[in-house]
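Down below is the structure, laid out as structure tokens.
The values are calculated or read from the model by the stated rules, or taken from the named source; none is laboratory data. In this text, all values refer to a predicted model and were calculated from it rather than measured experimentally. Cβ: placed from backbone, ideal geometry, glycine included. Neighbour counts: every protein chain shown.
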Amino acid sequence: MWRVTRSDTAESLWVTGYDAKHYISTLGAVVRIARNTYGVTLPDMRQITARLERA
């Protein structure tokens with residue numbers, strides 16, 4: 001299982017890392033910050049970070 005934790009307090013669980021990364025890519029414009037940390041600009045122009053980790 002993989003956990004995606006967003007800086008806006010949302011959290012979700014995914015079976016594969018591929019599914020988790022796909023979820024992050026559907027949030028908005030994505031920029032990789034570090035190994036498993038992504039900066040995301042949401043459609044409403046808010047900026048959040050999304051962290052991918054094993055659950």
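What to note about this one:
- Members of region 17-45 found to be more than 14 Å from THR5 (Cα to Cα), in contact with a Leu (Cβ under 9 Å, 6 or more places away or on another chain) and aliphatic (A, V, I, L, M), listed by number: ALA29, LEU42
- Of everything in region 30-48 that is touching a helix residue (DSSP H, G or I) at 6+ places or on another chain (Cβ under 7 Å) and either at pLDDT below 95 or hydrophobic (A, V, I, L, M, F, W, C) (or both), the residue that is surrounded by the most Cβ atoms within 10 Å (Cβ to Cβ) is VAL40.
- Boolean, ARG51 is touching a residue at least 40 places away in the same chain (Cβ under 8 Å) and either exposed (fewer than 13 other Cβ atoms within 10 Å of the Cβ) or outside any loop (DSSP other than H, G, I, E, B) (or both): yes
- Among all positions in region 19-29, there is at least one residue which is part of a loop (DSSP other than H, G, I, E, B) and modelled with pLDDT of 95 or more.
- Filter result for THR9 (in contact (Cβ under 8 Å) with a residue 24 or more places away in the chain and of a type in the set (S, T, N, Q)): no
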